[in-house]
1. Looking for something within 26 Å of residue B:191 (Cα to Cα) and among the hydrophobic types (A, V, I, L, M, F, W, C) - is there at least one such residue anywhere in region B:71-80?
2. Is region B:99-116 home to any residue that is under 23 Å from residue B:198 (Cα atoms) and more than 14 Å from chain A (Cβ to nearest Cβ)?
3. Kindly list the number of the only condition in (1) within 14 Å of chain A (Cβ to nearest Cβ); (2) among the basic types (Lys, Arg); (3) closer than 30 Å to residue B:73 by Cβ that fails for residue B:133.
4. Which of the residues that make up region B:1-50 are among the charged types (D, E, K, R), surrounded by 12 or more Cβ atoms within 10 Å (Cβ to Cβ) and farther than 21 Å from residue B:199 by Cα?
5. Limited to region B:99-122, what total is found for residues that are crowded, with 18+ Cβ neighbours inside 10 Å and closer than 18 Å to residue B:38 by Cα?
6. Tally up the residues in region B:39-81 that are more than 30 Å from residue A:9 (Cβ to Cβ), away from chain A (no Cβ under 14 Å) and part of a helix (DSSP H, G or I), please.
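Just so it is clear, none of the values below were taken in a lab; they were calculated from the coordinates. Owing to the predicted nature of the structure, the values given are computational and were not obtained by experimental measurement. Positions of Cβ are generated from backbone atoms using ideal geometry, with glycine treated the same way; all protein chains shown enter the neighbour counts.
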Amino acid sequence: MIDGDGYVAAAYIIFLALVLIYVGIMAFRLSNLERELAELNQEAAQQDAEREAPEPAKVG
Amino acid sequence: MTLYGKGLRSLSIATAVVLTGAFLLIAFYAPEDADQGIIQKIFYIHVAMAIVALCGFTAGGVMGFMHLRTHDRRWDLRSYVAIHLSLILAVGVLLTGAVWAKGSWGSWWVWDEPMLVSFLIVFLLYATYQPLRFSIEDPERQSRYASVFAVVAGAFVPINFAAVRMADSFIHPRTLGTTTGGMPGEMMLTFLVTLVGVALLFVTLWKYEMAAKHARGQVKALRRRITGERASVVGGRSAAPQVHV
């Protein structure tokens, strides 16, 4: 048999759990976004390096 | 360009402070109800979430109306996020309500109580919002139909609420009722602080979500510029509105 305190605790735990799950999902999405940004940074750096590479000198 | 992250830090701190204060008031300041005892303390979070969820649904309708009026896709995104968050709060309302009902009435759910059934109808109505969006592939049509849904459903919410309050009550108490003489001062203060806390939480999470979606849109635009991909290739099918930067 659950007493009144148990029901009150359960209700507030539900509220906190919902908020935490939501924040957790947001954090997961944020880490994905961060990874995507790192990839883009790498790609941009690669493109810059290709652009700045000296033309091969013609021999003969 | 709109920056949704602006002011987020101070808003987050205010939310944390007010919600912590509300929980302290609930635990140590608010008196126990003479009739229900300690279990009545569920009321503070349950009703605050319900009011904020219903206001969020209505705000989603107003934002949908703004989208239809201005054809600005940002209003559709704002409406989408408001409805999405309200739906999460509505889940919380149903769950905390079920816990309260079990402790108070001995049953998880009562079908002959208009307040409960009407809230369930509102919840189920809005539960169709995401599938509706996902079923429409064309982004332009998707946002237009979703806005029409948001306006109609948003208008239904206050009408439904008023109808339920006018109906004969069975066992569910009428919050802030005038016939019963209202709540004692300590209870009212605790309730108002909790309501402000939950409302601040809603606004904070709304801004977080908007900032995240905006940042994702910017990353997509950056990817298009770097890799030369077309928007349609990068976008794909989604229930969420696409952010155009």
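1. no
2. yes
3. The one condition residue B:133 does not meet is (1).
4. Matches in region B:1-50: B:32, B:33.
5. 5
6. Qualifying residue count for the region: 21.
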